[in-house]
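To keep things clear, I will list the structure first and then write my remarks on it.
The values are calculated or read from the model by the stated rules, or taken from the named source; none is laboratory data. Source: prediction; values computed, not measured. As a convention, Cβ positions derive from the backbone with ideal geometry for all residues, glycine included, and neighbour counts pool all protein chains shown.
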Amino acid sequence: MERFKRNERIAAMVKILSDNPNRLYSLNYFAQRLNAAKSTISEDIVIARNVFEELDLGRIETVPGAAGGVKYRSKISAAESLDFLKGIAKMLSDPGRIITGGFLYMADVISNPQVAYSAGRVLAGCFERNPVRYVVTVETKGIPIALMTARALGVPLVIARRDNRVTEGSAVNINFLSGSTGRIQTMSLSKRAMERGAEVLIIDDFMKAGGTARGMVDLMKEFDAKVAGIGVMITTTKPEEKLISNYIPLMFLEGVDEKSGKVRIKPNEKLFF
């Protein structure tokens, strides 16, 4: 088998690790894949780890012991996160996004792969110290951000449906009160979607009164799940009291004025200072 130069080995390891956040790889895996001694692989990992730390590109961690190895933790710096959110705020402040009724059109932004990817990394960073087995969201607009959060954490995504689907087998159904519309809605999740008693992170794209997030919390109780955290891309500042507490928003929507064409939206700067 061909022997690779050090720069070639490091490039391959960085590619594999960054493509699979939080997945643990043994030194034997890289030694066999790259036709090198484990001691050589260890030296390569130290070099890559130091560069990642110096440039704030995330963390390459080594886990000692027979069952140990190396893994990559996705991380986005505070400065980069804040710049990203300021850019999104500027994009969403366009008066052309105002919809009759004081609503704001955001679907194209939230569904943009690069936006969803960066938002997912920022949200994952907010909860990286929390034990998380699944990321949970409800269809449909929050799926891109929740998927990228799950990717950054290296865990599966679980999607609650608005109605029960025959193709998903027996399911748990709950009714919840939408805080924004005041209407009773239904949320459904297949019994096979997740293990009971697991730690979950709830992610959503938008929160007004918190009814949907509350519904997801109640749904998780049916699975004896432990809610490790709740993260949302954007929350309104009114009403101040939501139906849930202990959630982390990336941005605050302070108001949409149809007459003046002004949108007041800003990043949650407390996350970075």
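Structure summary
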{"item": "Test for VAL200: is it touching a Leu at 6+ places or on another chain (Cβ under 9 Å), of a type outside the set (Ser, Thr, Tyr) and surrounded by 20 or more Cβ atoms within 10 Å (Cβ to Cβ)", "result": "no"}
{"item": "Of all residues making up region 234-260, the number that are assigned to a loop (DSSP other than H, G, I, E, B) and under 17 Å from the mean Cα position of the chain (by Cα)", "result": "1"}
{"item": "Helices (runs of 4 or more DSSP H) fully within region 1-113 counting 2 or more residues that are of a type in the set (Phe, Trp, Tyr)", "result": "27-34"}
{"item": "Which listed residue, of GLY120, GLY179, GLY169, GLY142, is in the same structural domain as GLY87 (by TED's automatic domain parsing), modelled with pLDDT under 95 and crowded, with 21+ Cβ neighbours inside 10 Å", "result": "GLY142"}
{"item": "Within region 178-223, tally of residues that are in a loop (DSSP other than H, G, I, E, B) and either touching a residue at least 40 places away in the same chain (Cβ under 8 Å) or on the phi > 0 side of the Ramachandran plot (or both)", "result": "9"}
{"item": "Single match in MET187, MET207 (criterion: more than 26 Å from VAL122 (Cα to Cα) and either surrounded by fewer than 22 Cβ atoms within 10 Å (Cβ to Cβ) or not acidic (Asp, Glu) (or both))", "result": "MET187"}
{"item": "Unique residue being among the β-branched types (Val, Ile, Thr) and in contact with a Gly (Cβ under 6 Å, 6 or more places away or on another chain) when the list is THR100, THR149", "result": "THR149"}
{"item": "Residue in region 28-44 that is in contact with a strand residue (DSSP E or B) (Cβ under 9 Å, 6 or more places away or on another chain) and under 30 Å from VAL115 (Cα atoms) present", "result": "no"}
{"item": "Failed criterion for ASP108 (all others in (1) touching a strand residue (DSSP E or B) at 6+ places or on another chain (Cβ under 9 Å); (2) without any contact (Cβ under 8 Å) to a residue 40 or more places away in the chain; (3) farther than 17 Å from ILE203 by Cβ hold)", "result": "(1)"}
{"item": "Flag for ARG59 being surrounded by fewer than 16 Cβ atoms within 10 Å (Cβ to Cβ), within 22 Å of VAL155 (Cβ to Cβ) and either touching a residue at least 60 places away in the same chain (Cβ under 8 Å) or in contact with a strand residue (DSSP E or B) (Cβ under 7 Å, 6 or more places away or on another chain) (or both)", "result": "yes"}
{"item": "Count of region 127-138 residues which are surrounded by 13 or more Cβ atoms within 10 Å (Cβ to Cβ) and in a loop (DSSP other than H, G, I, E, B)", "result": "5"}
{"item": "Any hit, region 22-44, residues being within 26 Å of THR235 (Cβ to Cβ), in contact (Cβ under 8 Å) with a residue 60 or more places away in the chain and surrounded by 14 or more Cβ atoms within 10 Å (Cβ to Cβ)", "result": "no"}
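The rows are residues; the columns are (1) hydroxyl-bearing (Ser, Thr, Tyr); (2) surrounded by 15 or more Cβ atoms within 10 Å (Cβ to Cβ); (3) under 19 Å from GLY101 (Cα atoms); (4) in contact (Cβ under 8 Å) with a residue 40 or more places away in the chain.
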| site | (1), (2), (3), (4) |
| --- | --- |
| THR237 | yes, no, yes, no |
| LEU243 | no, yes, no, yes |
| ILE248 | no, yes, no, yes |
| MET251 | no, yes, no, yes |
| VAL256 | no, yes, yes, yes |
| ILE265 | no, yes, yes, yes |
